[in-house]
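**Student:** A single structure is presented below for examination.
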Amino acid sequence: MKKFLVFVSTAILLFGCGNGKSDKMMSSDMKMDSLQSIIDNRDNEINEMIATLNEIQEGFKVINEAEDRLTLAKNGEGVDKMVLIRENISYIQDRMQQNRQLINKLQQQVKESSYKSEQLRKTVADYLQQLTEKDKELSLLRAQLSAKDVEIRELDDKLDRVSGDLTAVTKDNTEKTKTLASNKATIAQQDMKLNEGFYVFGTKKELKDQQIIDGGKLLFSDFNKDYFTKVDIRVDTEIKLYSKSAKVLTHHPAKSYILIPDAKGLYTLKIVDTSAFWSTSKYLVILVK
């Protein structure tokens, strides 16, 4: 029994001594854990702010690229120019709104963070200033675009009026052209009529059958005009007669024509003075055998 009491007493003493040492160790561990927690929290805050900073910087990068495309579109030509400008303005506006939200987020992170940095606050202020300047540029560009739209609408209206006037003028010119063409055709027909000549050659029997000759009479009022061949007296100056005997029966100046035989003795009538030849009659009758 005494031995048991001694063992218990010794155990209590040992436990008491050991517990005091354990408390000190536990206190030190708790402090280390608390410090590590503070460090971890600060690291997390800094990492989150750096991530937001990177997003903002990437946003400004794509905005600058869109501005470069916008400059190219403004300097370009063609129907799609205004479409490209509007698309890039809309894109820049959306990205600026995203960056504004990210900067507000960063401001809140800096405000709530235990990590106080004057440089970080200055960076946020610089970002806000950049957004303000880009807002002004975008507003100016939108105003210019609106003015250009008004100018284009006015130009379209003017073009419509000019197009209407041009249509009226074109219609008038078309009518005049038709009238002129009709007049030219009439003049051409009249000119052709004035320069028409008619000839016929045949044997005595053939000419008599068509009532072109009858004894000593020539060209009765009811002679067959369809039997004659029509010519343009300005260009048709030779008539092949296919006969070795030919005599001009109508009255044409003797010096205005000649009868020329070919190698076989077949005659061709050649008019040497068209004005004189056709001045006495528009009908030429030649008797052949």
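**Student:** Among residues belonging to the range 215-269 that are of a type in the set (Phe, Trp, Tyr) and open to solvent by 40 Å² or more (accessible area, probe 1.4 Å), point out the one that is nearest to Phe198 (Cα to Cα).
**Tutor:** Here the residue is Tyr227.
**Student:** For the range 223-289, give me every one of the strands (runs of 3 or more DSSP E) that falls completely inside it and has 1 or more residues that are among the charged types (D, E, K, R), in contact (Cβ under 8 Å) with a residue 40 or more places away in the chain and out of contact with any strand residue (DSSP E or B) (no Cβ under 6 Å at 6 or more places or on another chain).
**Tutor:** In the range 223-289, 229-232 are the strands (runs of 3 or more DSSP E) which contain 1 or more residues that are among the charged types (D, E, K, R), in contact (Cβ under 8 Å) with a residue 40 or more places away in the chain and out of contact with any strand residue (DSSP E or B) (no Cβ under 6 Å at 6 or more places or on another chain).
**Student:** Can you name the number of the only condition in (1) of a type in the set (A, V, I, L, M); (2) over 18 Å from Leu284 (Cβ atoms); (3) in contact with a Leu (Cβ under 9 Å, 6 or more places away or on another chain) that Val248 fails?
**Tutor:** Among (1) of a type in the set (A, V, I, L, M); (2) over 18 Å from Leu284 (Cβ atoms); (3) in contact with a Leu (Cβ under 9 Å, 6 or more places away or on another chain), Val248 violates only (2).
**Student:** In addition: Which of the residues that make up the range 108-144 are open to solvent by less than 80 Å² (accessible area, probe 1.4 Å), assigned to a helix (DSSP H, G or I), within 17 Å of Glu48 (Cα to Cα) and free of Cβ contacts under 8 Å to residues at least 40 places away in the same chain?
**Tutor:** Val124
**Student:** Mind checking which residues of the range 184-214 are without any contact (Cβ under 8 Å) to a residue 40 or more places away in the chain, part of a helix (DSSP H, G or I) and open to solvent by 70 Å² or more (accessible area, probe 1.4 Å)? Can you show your working first?
**Tutor:** Looking only at the range 184-214, we keep the residues that are without any contact (Cβ under 8 Å) to a residue 40 or more places away in the chain, and these are 184-191, 193-195, 205-206, 208-211, 214.
Among the residues that remain, those that are also part of a helix (DSSP H, G or I) are: 184-191, 193-194, 205-206, 208-209.
Passing the criteria: Lys184, Ile187, Gln189, Gln190, Lys193, Leu194, Lys205, Glu206, Lys208, Asp209.
**Student:** Return yes or no: is Asn88 open to solvent by 50 Å² or more (accessible area, probe 1.4 Å), modelled with pLDDT of 75 or more and either out of contact with any Cys (no Cβ under 6 Å at 6 or more places or on another chain) or over 30 Å from Ser139 (Cβ atoms) (or both)?
**Tutor:** no
**Student:** Scan the range 270-281 residue by residue and report those that are surrounded by fewer than 16 Cβ atoms within 10 Å (Cβ to Cβ) and under 26 Å from Gln210 (Cβ atoms).
**Tutor:** Lys270, Ser279, Thr280, Ser281, listed by residue number.
**Student:** Starting from the range 169-183, take each residue that is open to solvent by less than 80 Å² (accessible area, probe 1.4 Å) and list its partners that are of a type outside the set (A, V, I, L, M, F, W, C), counting only C-beta distances under 7 angstrom and pairs at least six apart or across chains.
**Tutor:** none
The values are calculated or read from the model by the stated rules, or taken from the named source; none is laboratory data. Quick caveat, the model's predicted, so the values are computed rather than measured. So basically every Cβ, Gly included, is an ideal-geometry build from the backbone, and we count neighbours across all protein chains shown. Heads up: the accessible areas ignore ligands, DNA and RNA and are worked out on the full protein's heavy atoms, side chains in. Shrake-Rupley method; radii C 1.70, N 1.55, O 1.52, S 1.80 Å.
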